[in-house]
Amino acid sequence: MNSSGGTRSPATKEMGWLCGDKLHFWEPNQTFHTDRPDLSECFQLSVLAWLPCVFLWVASPAYICYLKKSSRGYIMMSLLNRFKTAFGLLLWIVCWADLFYTFHELQQGQSPPPIYFITPLVLGITMLLATFLIQYERLHGAQSSGVLFFFWFLSLLCAIVPFRSKILKASSSGGVPDKLRFTSFYFYFGLILLELVLCCLNEKPPLFSNVVTDPNPCPEATAGFLSTVTFWWFTSLAIKGYKMPLEAKDLWSLNQRDSSKKIVPKLLKEWEKEQTKVKSSEQNLTTKATYAKQQPSATNHVSGGAAGGETSPEEVEVLLSNQKAAPHQPSFLRVLIKAFGPYFLIGSCFKLLQDSIMFVNPQLLRMLISFTSQKDVPIWWGYTLAFLMFFAAILQTLILHRHFQYCFVTGMNVRTALIGAIYRKSLVITNAAKHSSTVGEIVNLMSVDAQRFMDLTTFLNMLWSAPLQIMLALYFLWQNLGPSVLAGVAVMVMLIPFNAVIAMKTRAYQVEQMQHKDARIKLMNEILNGIKVLKLYAWENSFKEKVLAIRQKELNVLRKTAYLGALSTMAWTSAPFLVALTTFAVFVSVDEKNVLDAEKAFVSLSLFNILRFPLNMLPQVISSLVQVSFLPPLLLFLVLPAFSSAALRLSSASQASVSLKRIQNFLSHDELDPNSVDRKTSSEFAVSVVNGKFTWAKEDEPVLDNINVMVPQGSLVAVVGHVGCGKSSLISALLGDMEKVEGEVCVRGSVAYVPQQAWIQNATLRDNILFGKSFNESKYRRVLDACALTPDLEVLPGGDMTEIGEKGINLSGGQRQRVSLARALYSDSEVYLLDDPLSAVDAHVSKHIFDNLIGPEGVLKGKTRILVTHGISFLPQVDNIVVMVEGRVSEMGSYQELLNQNGAFAEFLRNYALEDIVEEDEATEQLIEDELFPDDVLSNHHTDMVDNEPTVNEAKKSFMRQISILSGDSENFRCRSVRRQSQKKHQEAQEKKKPQEVQKLIQAETTETGRVKTKVFLEYAKAVGLVLSVIICLLYGCQSAAAIGSNIWLSQWTSDSLTNDTQNNVHKRVGVYAALGIAQGVLILVNCLLCRAYCMLRAAKLTHRNMLQGVLRAPQAFFESTPTGRLLNRFSKDVDAIDSHIPDNIDIWMRTFWYTLNVLLICSALTPMFLIVIAPLMVFYWWVQRFYVATSRQLKRLESVSRSPIYSHFSETITGASVIRAYDRHAAFVLMSDIKVDENQKSYYPGIVSNRWLGVRIEFIGNCIVLFAALFAVMGKDTLSPGLVGLSVSYALQVTMSLNWMVRMTSDLENNIVAVERVKEYSETKTEAPWEVEDKKPPAEWPTQGNVEFNEYSVRYREGLDLVLRNITLSVKGGEKIGIVGRTGAGKSSMTLCLFRLLEAAGGEITIDGVKISEIGLHDLRSKLTIIPQEPVLFSGTLRMNLDPFEKYSDDDVWKALEHSHLRKFIGNQPAKLELECTEGGENLSVGQRQLVCLARALLRKTRILVLDEATAAIDLETDDLIQSTIRTQFEDCTVFTIAHRLNTIMDYTRSDKGRFANSSLFPPTSFHHFECILL
């Protein structure tokens, strides 16, 4: 084509100075109105050539700064880099060759236009800049470049036009007029193409970067620009996941920027700043008067704002009053914004770009419909429009997913930061704060609340994006339909109050549901912690009913939420339709000239579809303004794009709002003041307390008052006193765990702490002892010997590498205590605080530990030791004794001084010292006594033990005399030799054991692999109801058919304009359109109510009940090998998935499936050629889906499994917080938690990337559908009406999202249905024997006698382990009192567990009153026996509930039981009396008081057989004596088995089962030789 000729356009005249006279700048006829369009040469040389150059020059300064700032080290010069640089220089040479050729032409007398000088010059300099950037990137470690990629891509794109143009000109003119420029251009084009290809390749990582050192680095760090934009770098994992189920070892390392090490400090720093700011502003506001008033309360805590939870009305009141006093609470939302805002803002920029591009396609649709209605227009217009729609959609996809990536990574970082902050806070909160936030609640903060924030951050941008979208959509609609749009706006406004009410109500329900959920998890936590007690007392049903009652309340709230959700979903779906209906009806009614043609109708419809999403947010903005909440529930419609249900969006934002307050309150709790105990003291005393006054909570009465204690360096101080007098509180005060009201506390040097109830980690025995210290073989052996642990290692299956279960569940109480002592000894500290560590071990071991470890000749001599004890026999050997009475120090001095003072303590000593010392000696001489005294020295008295009290005392004295004769023996040779032999045996055993595989107790959590089995879906469908499931599916189909029908009807309506038949049919058209729309709304409502409010909740109820039943029916061994965290995870996270997520997934999946099916049917029906394209697209779709679902499902499973350890470790940490603080292991535990969180995020991060990877590929399919729908519409423009084209393309535009959501929901459904699988797994756990056996029920009054017989009885803990009791034969007559003694870990407790069938027989049988216990139901057996267990377990609730959960007994009975258990005085002094609230685990009572509560339980049940399992170990001697007399009188005619460490406890018993039952004349000693292995 000739560029000259015709009139010059205005643009050409203006650009004349640049283009010269010969070249035209712009030729419309040559460009648009022709079948072979082309651009003028001058336009090609100016605009097309300069566009890439302008981009590079504008982008370079910012890019250079970015490279300089984020330098990662330099990259060695590679072959790839050399080629890039060489081609860059070649391009510069080619460009300037053109420039010199122009100068040459000028010298030849020609006059080339200025453009021939300017363009080569600009291009040449730009190529030099590009070459410089290539080298600059290399020096700063950039492996790939987005800026240069865009530059080369733009250059190539702009060069395509001249590429075609030059060939067209050459072919039309029959030759090449300007050979040099022609040749140089194709050189230029080739080099640009090569540069683009090379730019897609990646450089090697920079030297010294962590990618080089990391064994499995995330490929994202080294991915090229294209790979990053399309998420291609993830493909390798998708393929691996498709080929075989992914395992943890396949996952990439977490990016450094997302690790806890980087993220958590960032948040904490901002939180500290915020708290400091609030405090300083408060100080400025507070008047001097109030300031003076607050001065005296110098309590031991660091104030962190208002403390308070959301559970009880009292706490809410406290919270409100605090808010009045301090109106400025630190804003956690502001902190989150400061910490994560900048990164999040980048995502927001992408969102802004995406919002703008979103409105391009409706405009292109307008042009396309206009094109199909015009005749005699070039066909290439239509093709160009089709491809423009395709490219706009592709661009929108890439930008949207980049935005999502930023948002999701921010969400992930927020979760990491929140878990880290909550964990760190829980280690330092005060005891008062601990009581207002129980373990269950804090675990919920970590699991549920942190997760909600993560879900929400992804859609926060909608806050500004929604109003922007509404404004843009209304602007374009006004252009399209004029003022009629206002009718639609009026409908929107009318819907606002409706949705606002729903939003506010849903939020209220959300708070209520969270409270019920907290209560349920808290109760479950307690049930799991006290499961052994529940089983022993046969209380499972009572607690099951309690859980189910809370669950029912939770389900009722969920049902109400579902009703609101159904209305909300109907409004969500119907709103755009109602807006469209009113707008169209008004448009055609107001003016006869207004014709609703296809262009107006379908462009408006596509705009209404865009409007649908932000439209539903307006009411939320209003409701948030009404509620003035920090995190507006305006976010509530944000959680999923257009196809998600409104109910889910509604609940998510309200939940996040609630979560924000809960987390803010928790982080604002008061903290323990690290400076309350002065550790840098230079005082002469190792420990000193001066005028100390301490309380557990600042508003409570002081627990300790006027405490003055001085402990010299290296001395041993004993603290004695009655139960509940404040001995343990004194230790807590020295640790800094209590609120210091006044006084000074100084502790010099490092501290080791042994708590009263040993805290054991779920780790190996060795790790528990080392506690983070390095291993030293000889020191370690000395510690084991001193703590009498060496013999125990023989019994444990893996020696000291045996894994100890949660809370030390597979060790006996004494073993746990000795491990705790070993930990203290190994720590080699300067001050040892020992809180009654000897109570849990028997007298024999107790003496060994005192002599070898604590006492004046023990390993710890020279160290400062403070020992709380009830063992009076040790007192003569201590340096000082502190006597505590009711929270005060009543006396203090050496043993002799206190005796001389002749005070209350001296009297107490005289009463109890004798028998306690005798007990110690007896323990030492046990073996000799067995040999020398085979006959029972008490045999004359055993018949009248109970009847005749004086006789008992005589018996005691006689027994003591015999013992004291023996104690004259200077050294017990037999005892010593036995010990030596056992050590030798132990060493041999250890050597043998080393090569063996250590058996793990806690098995790794099982993860199902591969596809979710169909039976899991069937299981869920059965729970929903099979018939109902089918009806629901059909209803979804009907609803979809109604939606399609209305749009086909609209297409027919727009065709009226072609036949000028518009006015005649208006009423009919509007009426039918309205009817179809209303039918759609009604069907949705019915479907939602049926589906969500009835069926799904029924399924949720059933699955939870079955799991609860399964767990409560599981045998005790199941709880020993399953961590509590794992079970709690199933009861919280998985139940939550069944409650909320699965119904949403099913709802969205069904709607998207039917929608996609309809689109494909319509496109195929209108243009049958479409069927040709559907086949390959669907194959690609299926292929992507298979890859994605396989990988995503396994990633989700790995994420679930790696989540449990976070919570297990967390609850373990909270329980041992004081131990961790005492040993100063705070940092190590924080690091452990961080590692577990990072491990979890390692599987979560690929999960979110997999969604982006899928999104880009699936949306590409959707974009192809748009392209082909448009192309076929262009091809069939002569046969299709504009209405049908509009219908086809507008549907295709919507299908992208629908396809995307269908795959996502398929995957999410598979991921969440895993919850059904996991819940089902625990519903089908192996159960213990039936609770009741109908045909074997014992008589109601059984047992009448209380005779117990063991016949050849053997038992083992678990399958595959050795027998712990072997072939025992024993007969006990009703009413006998049997004492079972023996060293710790010998199997004493195991023997009692057999009676209750917590351990089932491996051989032999037990009969009670002639009834074989193995044949009757467990509840029938256990309800007829009573045990006072070794560890007193209380549940949170009233004291009355703890004593009598079934409410069988009257208040008088309960008071009587309390009186006999010596608790009446204490309970009577409490304001709440029997309604006294026990905190979680009974923490507000001392251990001794808890033990007395357990005694009261036993007194209430008053069964024929009573078992006391070291029940008085934690009680002082005086109370122990009282209890023994209670047992003698109250259980006079009962059979009593007592496991005891103190011999005075069983001194007056009928028989003491010690090895050979030496004190029994009823049976010859030979009958019991089998007991040796157990009790010696």
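The values are calculated or read from the model by the stated rules, or taken from the named source; none is laboratory data. In this text, all values refer to a predicted model and were calculated from it rather than measured experimentally. Note that each Cβ is placed from the backbone with ideal geometry, even for glycine, and that neighbours are counted across all protein chains shown. All accessible areas refer to the heavy atoms of the entire protein, side chains included, with ligands and DNA or RNA removed. Shrake-Rupley method; radii C 1.70, N 1.55, O 1.52, S 1.80 Å.
The condition (being modelled with pLDDT of 85 or more, over 30 Å from THR430 (Cβ atoms), hydrophobic (A, V, I, L, M, F, W, C) and in a helix (DSSP H, G or I)) is satisfied by just one residue among LEU1177, LEU1171, LEU1195, LEU1157: LEU1195. Taken residue by residue, region 161-168 has no member that is in contact with a Pro (Cβ under 8 Å, 6 or more places away or on another chain), within 29 Å of LEU395 (Cβ to Cβ) and assigned to a helix (DSSP H, G or I). List, please: which pairs have Cβ atoms under 6 Å, are six or more places apart or on different chains, and start with a residue in region 257-286 that is over 19 Å from SER1233 (Cβ atoms) and touching a residue at least 40 places away in the same chain (Cβ under 8 Å) and end with one that is open to solvent by 50 Å² or more (accessible area, probe 1.4 Å) and among the basic types (Lys, Arg)? Partner pairs satisfying both residue conditions: GLU270/LYS338.
To keep it simple, each residue is scored yes or no on (1) closer than 29 Å to ARG818 by Cβ; (2) open to solvent by 20 Å² or more (accessible area, probe 1.4 Å); (3) at pLDDT 80 or above; (4) out of contact with any Phe, Trp or Tyr (no Cβ under 8 Å at 6 or more places or on another chain).
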| site | (1), (2), (3), (4) |
| --- | --- |
| PRO1343 | no, no, yes, yes |
| GLY1387 | yes, no, no, yes |
| CYS1394 | yes, no, yes, no |
| ALA1401 | no, yes, yes, no |
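Can you spot a residue in region 554-563 that is surrounded by fewer than 21 Cβ atoms within 10 Å (Cβ to Cβ), over 30 Å from the mean Cα position of the chain (by Cα) and of a type in the set (S, T, N, Q)? Within region 554-563, not a single residue is surrounded by fewer than 21 Cβ atoms within 10 Å (Cβ to Cβ), over 30 Å from the mean Cα position of the chain (by Cα) and of a type in the set (S, T, N, Q).
Given the structure, is ILE881 in contact (Cβ under 8 Å) with a residue 24 or more places away in the chain, over 25 Å from PRO791 (Cβ atoms) and touching a Ser or Thr at 6+ places or on another chain (Cβ under 9 Å)? Step through it out loud before you land on a result.
Values: in contact (Cβ under 8 Å) with a residue 24 or more places away in the chain: yes; over 25 Å from PRO791 (Cβ atoms): yes; touching a Ser or Thr at 6+ places or on another chain (Cβ under 9 Å): yes.
The answer is yes for ILE881.
Just to be sure I understand, how many residues within region 851-874 are outside any loop (DSSP other than H, G, I, E, B), among the hydrophobic types (A, V, I, L, M, F, W, C) and over 18 Å from SER894 (Cα atoms)? Spell out how you get there, then give the answer.
Applying the first criterion (outside any loop (DSSP other than H, G, I, E, B)) to region 851-874 yields 851-854, 864-868, 872-874.
The next check asks that each one be among the hydrophobic types (A, V, I, L, M, F, W, C); those that pass are 853-854, 866-868, 872, 874.
Pick out the ones that are also over 18 Å from SER894 (Cα atoms) and you get 853.
Selection size over region 851-874: 1.
Scanning region 80-127 for residues being at pLDDT 80 or above and among the charged types (D, E, K, R) gives a total of 2. Counting only helices (runs of 4 or more DSSP H) that sit wholly inside region 1388-1462, those with at least 1 residues that are within 28 Å of GLY808 (Cα to Cα) are 1388-1395, 1418-1422, 1439-1443.
Conditions (1) open to solvent by less than 30 Å² (accessible area, probe 1.4 Å); (2) part of a helix (DSSP H, G or I), marked per residue:
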| position | (1), (2) |
| --- | --- |
| SER227 | yes, yes |
| PHE234 | yes, yes |
| ALA238 | yes, yes |
| LEU246 | yes, no |
| LYS249 | no, yes |
| ARG257 | no, yes |
| VAL264 | yes, yes |
| LEU268 | no, yes |
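Per the conditions (1) modelled with pLDDT of 90 or more; (2) surrounded by fewer than 21 Cβ atoms within 10 Å (Cβ to Cβ), the sole criterion not satisfied by VAL409 is (2). Restricting the first member to region 170-184 and to residues that are over 16 Å from PRO120 (Cα atoms), and the second to residues that are assigned to a helix (DSSP H, G or I), the beta-carbon pairs closer than 7 Å and six or more apart or on different chains are VAL176/ALA170; VAL176/PHE182. For region 51-79, a tally of residues being assigned to a helix (DSSP H, G or I) and not aromatic (Phe, Trp, Tyr) returns 16.
The test for being part of a helix (DSSP H, G or I), more than 26 Å from the chain's Cα centre (by Cα) and surrounded by fewer than 21 Cβ atoms within 10 Å (Cβ to Cβ) does not hold for LEU1102. Select from region 814-841 the residues that are open to solvent by less than 10 Å² (accessible area, probe 1.4 Å) and charged (D, E, K, R) and write down the one among them that is nearest to the chain's Cα centre (by Cα). Taking the candidates together, the pick is ARG823. I'd like the full set of residues that are open to solvent by 60 Å² or more (accessible area, probe 1.4 Å), on the phi < 0 side of the Ramachandran plot and assigned to a loop (DSSP other than H, G, I, E, B), limited to region 80-129. The answer is GLN108, GLN110, SER111. Just to be sure before I move on: is LEU486 at pLDDT below 85, more than 35 Å from the chain's Cα centre (by Cα) and open to solvent by 10 Å² or more (accessible area, probe 1.4 Å) in the structure I sent? So LEU486 does not fit the description; no.
Looking only at residues of region 170-197 that are in a helix (DSSP H, G or I) and among the aliphatic types (A, V, I, L, M), we find that the one that is least open to solvent (accessible area, probe 1.4 Å) is ILE192.
Anything in region 1495-1509 that is assigned to a helix (DSSP H, G or I) and open to solvent by 10 Å² or more (accessible area, probe 1.4 Å)? List them, or say none. Talk me through it step by step, then tell me what you get.
At the first step, the residues of region 1495-1509 found to be assigned to a helix (DSSP H, G or I) are 1495-1501.
Within region 1495-1509, LEU1499, LEU1500, ARG1501 meet the criteria.
Restricting region 572-609 to residues that are over 27 Å from GLN374 (Cα atoms) and among the hydrophobic types (A, V, I, L, M, F, W, C) leaves a set whose member that is modelled with the highest pLDDT is VAL586.
Among residues of region 842-877 being in contact with a Phe, Trp or Tyr (Cβ under 8 Å, 6 or more places away or on another chain) and polar (S, T, N, Q), the one that is surrounded by the fewest Cβ atoms within 10 Å (Cβ to Cβ) is GLN877.
Let me confirm something: among THR384, THR416, THR438, which residue is over 22 Å from ASP1224 (Cα atoms) and surrounded by fewer than 22 Cβ atoms within 10 Å (Cβ to Cβ)? First the steps, then the outcome.
Numbers: THR416 fails: surrounded by fewer than 22 Cβ atoms within 10 Å (Cβ to Cβ); THR438 fails: surrounded by fewer than 22 Cβ atoms within 10 Å (Cβ to Cβ).
From the options THR384, THR416, THR438, the qualifying one is THR384.
Residue count for region 1463-1478 under the criterion of being part of a loop (DSSP other than H, G, I, E, B) and crowded, with 16+ Cβ neighbours inside 10 Å: the result is 2. Quick one: in region 1170-1199, of everything that is aliphatic (A, V, I, L, M) and without any contact (Cβ under 8 Å) to a residue 24 or more places away in the chain, which residue is surrounded by the most Cβ atoms within 10 Å (Cβ to Cβ)? Filtering region 1170-1199 for residues that are aliphatic (A, V, I, L, M) and without any contact (Cβ under 8 Å) to a residue 24 or more places away in the chain, the one surrounded by the most Cβ atoms within 10 Å (Cβ to Cβ) comes out as ILE1174.
Residues to consider are LEU1089, LEU1161, LEU1083, LEU1157; find the one that is open to solvent by 30 Å² or more (accessible area, probe 1.4 Å), over 22 Å from ILE521 (Cβ atoms) and in contact with a Cys (Cβ under 7 Å, 6 or more places away or on another chain). Walk me through how you get there before you give the answer.
On the way: LEU1089 fails: in contact with a Cys (Cβ under 7 Å, 6 or more places away or on another chain); LEU1161 fails: in contact with a Cys (Cβ under 7 Å, 6 or more places away or on another chain); LEU1157 fails: in contact with a Cys (Cβ under 7 Å, 6 or more places away or on another chain).
Sole residue among the options that is open to solvent by 30 Å² or more (accessible area, probe 1.4 Å), over 22 Å from ILE521 (Cβ atoms) and in contact with a Cys (Cβ under 7 Å, 6 or more places away or on another chain): LEU1083.
Can you pull out the residues in region 1358-1382 that are in contact with a helix residue (DSSP H, G or I) (Cβ under 8 Å, 6 or more places away or on another chain) and of a type in the set (Gly, Ala, Ser)? Of everything in region 1358-1382, those that are in contact with a helix residue (DSSP H, G or I) (Cβ under 8 Å, 6 or more places away or on another chain) and of a type in the set (Gly, Ala, Ser) turn out to be GLY1379, GLY1382. Among THR1426, THR1407, which is among the β-branched types (Val, Ile, Thr) and crowded, with 22+ Cβ neighbours inside 10 Å? None of the other options fit; the residue is THR1426.
Within region 130-145, the residues that satisfy the criterion of being open to solvent by 20 Å² or more (accessible area, probe 1.4 Å) and part of a helix (DSSP H, G or I) are PHE132, GLN135, TYR136, ARG138, LEU139.
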